[in-house]
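All remarks here apply to the structure that follows.
The values are calculated or read from the model by the stated rules, or taken from the named source; none is laboratory data. All values derive from a computational prediction rather than experimental measurement. Virtual Cβ from ideal backbone geometry, glycine too; neighbours counted across all protein chains shown.
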């Protein structure tokens, strides 16, 4: 089990215990005059499940970014940079848009001539270095498709410093190059 999964499970369990204890104490106080039966516990459990489910959803989408104990790369939403194509030796100004949750990441890359969309992506630690690896589909604008057809590719980016990410890409057209991006400060 990886760090993110175990951290998520431990936080959900802690949340469940806290919510159940609070709900039990409130219920016990309220029902002190009326009596207490087994059905009250069923109500406490269903309340605990509801609150914990909301917490889990919020943690996966937003709260994990603010967890100081979670050691996971937290990428920015927008990066600007350059693709250097080995095919023609040109530098291409580019922009990355990244959407990240605790368990998923998707990337869109924009240039003046095309857009790339994530097919599959993951963040992994390789030899003590965090890497963002993703496969993509690239769709050039219609007016450039005679020289740049629709293609697929893969990029591997070093994300040890989330403000500056860099790496390489290669495509099914037998082209490759380097990528270098700096975070657009939010």
Would you check if there is a residue in the stretch 134-149 being within 27 Å of residue 56 (Cα to Cα), within 17 Å of the chain's Cα centre (by Cα) and part of a strand (DSSP E or B)? yes
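Being surrounded by 15 or more Cβ atoms within 10 Å (Cβ to Cβ) and within 30 Å of residue 4 (Cα to Cα) narrows it down to one of 127, 110, 166, 152, so name that one. First the steps, then the outcome.
Values: 127 fails: surrounded by 15 or more Cβ atoms within 10 Å (Cβ to Cβ); 110 fails: surrounded by 15 or more Cβ atoms within 10 Å (Cβ to Cβ); 152 fails: surrounded by 15 or more Cβ atoms within 10 Å (Cβ to Cβ).
Exactly one of 127, 110, 166, 152 is surrounded by 15 or more Cβ atoms within 10 Å (Cβ to Cβ) and within 30 Å of residue 4 (Cα to Cα), namely 166.
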State the number of residues belonging to the stretch 116-129 that are part of a loop (DSSP other than H, G, I, E, B) and either modelled with pLDDT of 95 or more or in contact with a strand residue (DSSP E or B) (Cβ under 7 Å, 6 or more places away or on another chain) (or both). 0
